[in-house]
Each structure stands twice: as structure tokens, then as C-alpha cells.
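Q: Please see the structure below; I have some questions.
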Amino acid sequence: MNPDLASLPRLELAKLPTPLEPVRRLSHALGGLDLWFKRDDLTGFGLGGNKVRSLEYLAADAIGQESDMLVTGGSPESNHVRTTMAVAAYLGLKGVAVLPSMQPAETQGNFLLDKLLNAKLVFTGDPDRKYLDKHISHEVERLRALGGKPYMIRRGGVSPLGCAGYVAAAVEICSQLKELNIDPDILLCATGCGVTQAGLLVGFKWMELNCKVYGITVSRTRNECIAYIEQLTKETAEILGLDLTITSDDILVIDEYIGDGYSIPSPEGIESIRLVARTEGIFLDPIYTGKAIAGLTDLVKKGNISSDKTVIFLHTGGSPSIFSYASAITASNDSANSLFIKLPGVK
Ligand SMILES: *Cc1c(COP(=O)(O)O)cnc(C)c1O
């Protein structure tokens, strides 16, 4: 590993490497492209997902600063909040979660797990997630004034240290590709705050891997994402001492699959969750990964990704939020039977 990446303090939280495996029945259902899943839903810690990789560097930094609490924020269904609160518990630190609006009506999914982890929940009363980072930093100031040593983690773990987790993941992927002797054309993932995509872009460029990274945004517009990601790649390369530049042309973001908005399930996303569960026994989520696979399905259908391509889907986790969307997932437009007929056993 690069000395600069190795010199960053890191706490081993994830079970690595996560598997990189073919999904043959799903590939067949999508028209025969060579599709692989990188199983970052299986990072393990606190029910896993992509945020665990970022937290390995962020939590190590918190310990280095002798902090006694981790303070972050996100929506009640945030995977980032759940894993951060699990890390706080594991390290014997206080976990504080700043959440928009008010107490949600239902205690389910990630929010249920936050409560189980004994997170201190602070509701802002402000439904706009845009101002969440400001509320988090107010809470940090308040706790500091009370004599605490809070460590602030921005919404989604946004920071160059958070991105370092996905630079390390890129290195891990490269060594798996060598081992498996595959040469992917595209890696596709769901993009939220862009930490994952930024880290991968830096890592692939540094490893000189010629694989495009497609981010299917689930909230921000394409242009907003590109600006965010470009800035993050700059800062990340800088803390790692890497002399490389990611230009906006390298940052491929597709914003056609958001549907009605962040955390609002789309019919295509729900259909993708069903398809992947029923072809592979793998669970996606309605907010991120379901919409990303809906995007992949559509790009293949439109011929934008041809079926001779080798594609890696980065499964970023999120399955606990399935339980917050039970009615959407079990709705009556379920095409289970036609799917069953369409799919012969190909394994
Ligand atoms: C946070 C999250 C993402 C998006 O990751 P970013 O680094 O914020 O772009 C994707 N999938 C899941 C399940 C997530 O929790």
C-alpha cells in the first residue's frame, strides 16, 4: 500500500476484503452483461455498508484527538448515523445524532438501531437537511462549552479522511481484479454526498486502473454532485500527498433516477430490490442501491451500457432501511410471477 495511505491512522472496523463476486442470475435477467457485485454491504461492523470504511479513518482521528464523543447527523433512516453510533458504542464514546425535523412517527430501520445504540438524539425542528451541518456544529459548540470533547463528523462523513476509506477500497478492488483476472469497463454505485465516488476516483487514478466510475445520484443534481466530488478529490489527493488531478470530465454522475426525491422510493427502485432479492438472495435498499440498480437496468435497456461490458456494482449497503418501507415493498404491483417465469436457473 502507498506509504501516504498507510501513514494515516486507521482503526480496523470493517471485515476486509469484502467479496467481489459474479451475480449470474441477475446478469441473465439484465440481458447478459458481465455483472459483478462488490459486497460492501458486508463490511460487517454495525450491520455494515460503505460508511464503515470512512469511519475507520474518522474514528482513528477522533481517538488521536482524545475526543470523548462522536457527533454527527443525518435523516432518521441514515446509514451513516447508525454506523457512527455503533462505532461510538464500540469505543466507549458518547454518540450524538443531530436529526432534522421532529421525532419520526415510526421507530423502525436505522432509527430503531440508533435508539438501541443509546445515541443521544437531537431534533433540530428544521425539516431542511441542507442546514444539518450547521446544526451539527452548533451542537458541537454547545457540548464543548459544557466541558465535553466532541469530535464532529459532517453529514454523510463528508471529508477527505472519509474519502480515504474509498481510496483504500479502490486499492483493494484492484488487487481483487488482478486475482480474478477481470478487467471491468465500469464501476457503478449510488451517489449521495459523493464521498464514495470521490475516493474511488482518486484510488483508481492512482492505481492507473482504466475503469469508469458511474455515480447514480439519489438526491443532488448532476452539476451539484460534480462540484462536490471535484472538491473532495482535490482535498483527498492533498492529504495523501498524491500528485494527481480529477477533472470534471472524469466525474460521471447520472441524475435521472432520483424519482420524486431523496428517500422517496421510486417504482423502478422497488422493482430492482425485488429483482435482486429474487435472483441472488441479496438485499438492496429503497433510498440508494435500489435506485442505482434501477439506473443500471435502464442504461442497459437503452443501450448506453452494452451487454458485452464488464460492470461492477458497488453494493453500498443500506438494507436496514427496508424495514421502514414495508408498505412500498409489499405493494400490490408486485410482478413476482412474471419474473419467476422469465428466469431459468442459470447457476
Ligand atoms: C451513504 C450511502 C451511499 C452514498 O454514499 P456517498 O459516499 O454519500 O455518496 C450509498 N449507499 C448507501 C447504502 C449509503 O448509506
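The values are calculated or read from the model by the stated rules, or taken from the named source; none is laboratory data. Remember, predicted model here, so these are calculated numbers, not experimental data. No Cβ is skipped: glycine too gets one built from the backbone with ideal geometry, and neighbour counts run over all protein chains shown.
Q: Within region 1-31, work out how many residues are surrounded by 15 or more Cβ atoms within 10 Å (Cβ to Cβ) and farther than 25 Å from Asp183 by Cα.
A: Going through region 1-31 one residue at a time, the tally reaches 6.
Q: Please pick out the residue among Leu242, Leu232 that is in the same structural domain as Gly295 (by TED's automatic domain parsing), away from the ligand (no atom under 14 Å from the Cβ) and farther than 21 Å from Lys291 by Cα.
A: Going through Leu242, Leu232 in turn, just one is in the same structural domain as Gly295 (by TED's automatic domain parsing), away from the ligand (no atom under 14 Å from the Cβ) and farther than 21 Å from Lys291 by Cα: Leu242.
Q: Right, another one. Within region 245-278, track down each residue that is exposed (fewer than 14 other Cβ atoms within 10 Å of the Cβ) and under 30 Å from Asp4 (Cβ atoms).
A: Within region 245-278, Thr245, Thr247, Ser248, Asp249 meet the criteria.
Q: Sticking with this one: Would you tally the residues in region 242-284 being polar (S, T, N, Q) and in contact with a Lys or Arg (Cβ under 9 Å, 6 or more places away or on another chain)?
A: The total comes to 4.
Q: Ok, one more. Only one residue in Arg274, Arg278 is over 22 Å from the mean Cα position of the chain (by Cα), modelled with pLDDT of 95 or more and farther than 21 Å from Tyr214 by Cα, so which one is that?
A: Answer to the check: Arg278.
Q: Checking Ala277 against (1) part of a loop (DSSP other than H, G, I, E, B); (2) more than 10 Å from the ligand (Cβ to nearest atom), only one condition comes out false. Which one?
A: (1)
Q: If you don't mind, another one. Checking Ile182 against (1) touching a Lys or Arg at 6+ places or on another chain (Cβ under 7 Å); (2) among the β-branched types (Val, Ile, Thr); (3) more than 27 Å from Leu240 (Cα to Cα), which test does it fail?
A: Of (1) touching a Lys or Arg at 6+ places or on another chain (Cβ under 7 Å); (2) among the β-branched types (Val, Ile, Thr); (3) more than 27 Å from Leu240 (Cα to Cα), only one is false for Ile182: (1).
Q: If you check Gly203 against the conditions, is it touching a Phe, Trp or Tyr at 6+ places or on another chain (Cβ under 8 Å) and without any contact (Cβ under 8 Å) to a residue 40 or more places away in the chain?
A: Spelling it out, Gly203 is indeed touching a Phe, Trp or Tyr at 6+ places or on another chain (Cβ under 8 Å) and without any contact (Cβ under 8 Å) to a residue 40 or more places away in the chain.
Q: Let me ask something else about it. Which residues, counting only those in region 42-57, are surrounded by fewer than 24 Cβ atoms within 10 Å (Cβ to Cβ) and at negative phi?
A: Answer for region 42-57, where residues must be surrounded by fewer than 24 Cβ atoms within 10 Å (Cβ to Cβ) and at negative phi: Leu42, Phe45.
Q: Could you look through region 136-170, keep only residues that are more than 20 Å from Pro100 (Cα to Cα) and outside any helix (DSSP H, G or I), and pick out the one that is farthest from the ligand (Cβ to nearest atom)?
A: That would be Gly147.
Q: Please give the number of the condition Gly215 fails out of (1) part of a helix (DSSP H, G or I); (2) within 16 Å of the ligand (Cβ to nearest atom).
A: Gly215 satisfies every listed condition except (1).
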